[in-house]
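The block underneath contains the structure these notes are about, expressed in structure tokens.
The values are calculated or read from the model by the stated rules, or taken from the named source; none is laboratory data. Only a predicted model underlies this, so the values are computations on that prediction, with no experimental measurement involved. Glycine gets a Cβ as well: all are built from the backbone with ideal geometry, and neighbour counts include every protein chain shown. Accessible surface areas use protein heavy atoms only, side chains included; no ligands, DNA or RNA. Shrake-Rupley method; radii C 1.70, N 1.55, O 1.52, S 1.80 Å.
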Amino acid sequence: MRSPKAFLRQHREVISYLFWGGMTTLVSWGTYSLFVVVMNSFAAANPVVVANVISWICAVLFAFLTNKLFVFRSDARSLYAVLRELWKFIAARIATGILEIIGVPFLVGIGLGRQVFGIDGMASKVLVSVAVVMLNYVLSKLFIFGNRNSPRENQ
């Protein structure tokens, strides 16, 4: 039987990804709440939309930094390499965001609109969310932080 320390060492990356993903969710919810309050105090039009966009940007930037530094431990340090990783990270998050926006209504439309906790379509939302988390991990590991084309890019 393996020790807990050996298990943690073997699965460090996945455990770290899930932990920092949870922290990213808190950043998203916290910044959303903050900006809804701020936008309401200025009587801004569509405070929910504006707060949601700002919270998404904050969450993606937080996720990029934590994934780069703590999860995948990318050694890319040159401005070119970091900006290249950032661009690929944002593009991947936009793509999986579109998948989520399209996927939930699609699954509901084909009959997976079951209620969970009394909320219509939540089963579809959970299924798509799990798929998005897994796809984000794979994209980050294989294409964003794990693919080094030349030694020059890492410096």
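Take every Cα pair under 8 Å in the chain that's 6+ residues apart, average their separations, divide by the length, and report that relative contact order as a whole percent. Averaging sequence separation for qualifying contacts and normalising by length gives 22 percent for the chain.
Working note: Cα gyration tensor of region 109-148, eigenvalues times five, square-rooted, sorted largest first, giving semi-axes of 31, 9, 4 Å. Applying the criteria of a DSSP loop state and at most 10 other Cβ atoms within 10 Å to the chymotrypsin sites (Phe, Trp or Tyr not before Pro) of region 72-119 yields Phe117.
With protein chains left intact and a 1.4 Å probe, residues in region 2-155 average 64 Å² of accessible area per residue. Available extension along the chain between Ser78 and Ala91 is 2.7 nm, counting 0.36 nm per residue and deducting the alpha carbon span. Dividing the convex hull volume of the alpha carbon atoms of the chain by its residue count gives 170 Å³ per residue. When the solvent-accessible area of the chain is split by element, carbon and sulfur atoms take up 73 percent of it, the probe being 1.4 Å.
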